[in-house]
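Report on the following structure.
The values are calculated or read from the model by the stated rules, or taken from the named source; none is laboratory data. Values in this document were obtained by computation on a predicted structure and should not be read as measured data. Cβ sites come from the backbone with ideal geometry, for glycine too, and all protein chains shown count toward neighbours.
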């Protein structure tokens with residue numbers, strides 16, 4: 001905003017108070033909403049020019065330079081006044097010119113008023129006629145336009161639902177693949193656990209040798225004879241099972257069972273050969289028995305490591321290492337280098353009851369802490385341990401766990417954690433699958449409702465659209481096979497469902513169907529996790545059913 005001069009003429013002699021009021025007035029014009037005092041506003045104005053007080057302005061104006069400045073300001077004001085007068089004169093001339101034009105226009109309007117009124121009447125008449133035509137046409141076509149609009153909106157909704165369904169079906173396929181991968185992991189874990197269980201079973205039999213209970217060597221010889229008889233019987237039974245298997249058309253499950261029988265037979269042969277060699281060359285001491293067992297295990301490990309990668313058996317090699325570690329622990333216990341402790345940290349003499357195998361001199365350092373254990377260092381006092389000491393002792397237990405736990409406990413604990421992890425992942429995946437399936441059902445139901453909605457363009461009866469539930473015509477059969485509530489499936493239910501499914505499944509996939517039907521036991525109900533996985537596998541065997549399309553443009557056929 002430009003500075004405004006005071007309305008009163010400037011006196012010839014200015015004092016500091018008058019200048020202060022003047023400067024404050026100028027500053028208040030710049031900031032109208034200010035609440036500051038005149039003194040503050042004057043100081044603020046002077047500060048812009050590097051001055052502190054109004055007296056400095058008075059002193060300057062008294063000088064020759066001040067007089068010259070006043071004259072310059074006066075000249076500029078005169079120029080501004082002349083410019084203002086010139087603009088005012090031009091404005092008056094322009095106003096007169098516009099007034100003359102306005103007068104001419106009003107004269108023309110007055111002369112042509114009658115003609116204008118006549119034109120207006122004709123124009124209004126034409127407009128009224130056109131409006132009447134539009135109203136009649138609108139009444140005729142309004143219903144068609146509304147129906148077309150409704151049909152367009154309905155079609156847009158159906159297209160959007162189709163897009164959502166396509167995306168959800170893609171998500172469902174991915175989730176089913178993820179669930180299938182989890183099932184493969186579970187099967188692989190079960191196969192691995194079955195192999196390790198055979199090795200642990202053999203190890204546990206060696207850990208039950210009477211020598212560990214301070215029995216004489218003659219008692220061990222009698223035990224060896226009993227083991228030879230028992231192992232020979234078991235081996236003969238396994239050979240009979242292997243012979244009974246049909247070599248042609250072996251599926252994955254049968255192949256897995258065959259391989260496991262072979263591995264089990266090999267372990268029995270190795271165990272039988274060991275006891276037979278013991279009778280031929282009886283050991284002289286208890287330690288000699290376990291030393292020979294460890295040497296035999298290490299020989300087999302060396303044989304495996306000498307083979308090429310393609311011929312090596314990783315699971316068999318890992319099982320041998322498991323046995324080697326367990327036999328070393330037994331030898332340490334036999335030599336009284338270490339002692340066995342149960343879950344309550346009490347001494348025991350049986351590996352089946354033991355959880356830890358530790359140095360007897362370090363027993364006082366082991367304590368139970370809640371659901372876990374702690375191992376104190378020699379510098380710590382277990383009876384007066386701080387929270388920091390307990391944390392260190394807990395971390396030390398976690399670090400030493402693989403060295404101080406027995407083989408059986410360590411392996412079973414690891415397998416339990418793996419199984420729990422897979423179970424949790426499977427439950428989460430199944431929950432996601434169920435949510436996606438529920439959304440698909442809702443979208444399909446909405447789509448069916450839109451397709452079945454009455455429209456004035458449909459002159460022929462509409463075909464009955466399939467309901468979204470059940471998802472296929474075999475759902476009831478599947479629910480009968482694997483019900484969620486009692487009663488359990490009967491033999492006739494299983495046979496009936498099998499016949500219905502065989503009629504629609506491709507011939508090359510009937511063998512897979514027979515495997516799945518074989519998993520359903522009469523009178524038994526599967527667990528929820530197993531049931532859902534079974535239903536998914538059956539669903540993949542069933543071909544997709546074509547859904548009849550609803551044609552809203554079909555014509556009514558006259559008879």
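Computed quantities for the displayed model
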read-out	value
Residue in the stretch 382-398 that is in contact (Cβ under 8 Å) with a residue 24 or more places away in the chain and buried (at least 17 other Cβ atoms within 10 Å of the Cβ) present	yes
Test: residue in the stretch 338-346 that is touching a helix residue (DSSP H, G or I) at 6+ places or on another chain (Cβ under 7 Å) and modelled with pLDDT under 90	no
Complete set of residues in the stretch 235-260 that are surrounded by 15 or more Cβ atoms within 10 Å (Cβ to Cβ) and either at pLDDT 75 or above or on the phi > 0 side of the Ramachandran plot (or both)	235
Set 313, 320, 279: member being at pLDDT below 90, within 30 Å of residue 216 (Cα to Cα), assigned by TED's automatic domain parsing to the domain that holds residue 186 and under 45 Å from the mean Cα position of the chain (by Cα)	320
Hits in the stretch 532-541 - residues which are buried (at least 18 other Cβ atoms within 10 Å of the Cβ) and at pLDDT below 75	532, 533
Filter pass, residue 396 being closer than 30 Å to residue 162 by Cβ and out of contact with any helix residue (DSSP H, G or I) (no Cβ under 6 Å at 6 or more places or on another chain)	no
Residue among 329, 362 that alone is closer than 19 Å to residue 294 by Cα, outside any loop (DSSP other than H, G, I, E, B) and more than 36 Å from the chain's Cα centre (by Cα)	329
Condition check for residue 388: assigned by TED's automatic domain parsing to the domain that holds residue 363, under 17 Å from residue 368 (Cα atoms) and under 34 Å from the mean Cα position of the chain (by Cα)	no
Meets criteria (at pLDDT below 85, part of a helix (DSSP H, G or I) and either touching a strand residue (DSSP E or B) at 6+ places or on another chain (Cβ under 9 Å) or surrounded by fewer than 10 Cβ atoms within 10 Å (Cβ to Cβ) (or both)) for residue 157	no
Any chance residue 419 is touching a helix residue (DSSP H, G or I) at 6+ places or on another chain (Cβ under 9 Å), touching a residue at least 24 places away in the same chain (Cβ under 8 Å) and either within 30 Å of residue 288 (Cβ to Cβ) or part of a helix (DSSP H, G or I) (or both)	yes
Members of the stretch 351-372 found to be surrounded by fewer than 18 Cβ atoms within 10 Å (Cβ to Cβ) and in contact (Cβ under 8 Å) with a residue 40 or more places away in the chain, listed by number	352
Any chance residue 265 is modelled with pLDDT of 75 or more, surrounded by fewer than 15 Cβ atoms within 10 Å (Cβ to Cβ), out of contact with any strand residue (DSSP E or B) (no Cβ under 9 Å at 6 or more places or on another chain) and in a helix (DSSP H, G or I)	no
Filter pass, residue 150 being at pLDDT 70 or above and within 60 Å of the chain's Cα centre (by Cα)	yes
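Conditions tested, residue by residue: (1) under 30 Å from residue 16 (Cβ atoms); (2) surrounded by 10 or more Cβ atoms within 10 Å (Cβ to Cβ).
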| residue | (1), (2) |
| --- | --- |
| 32 | yes, no |
| 39 | yes, yes |
| 54 | yes, yes |
| 62 | yes, yes |
| 67 | yes, yes |
| 75 | yes, yes |
| 84 | no, yes |
| 127 | no, yes |
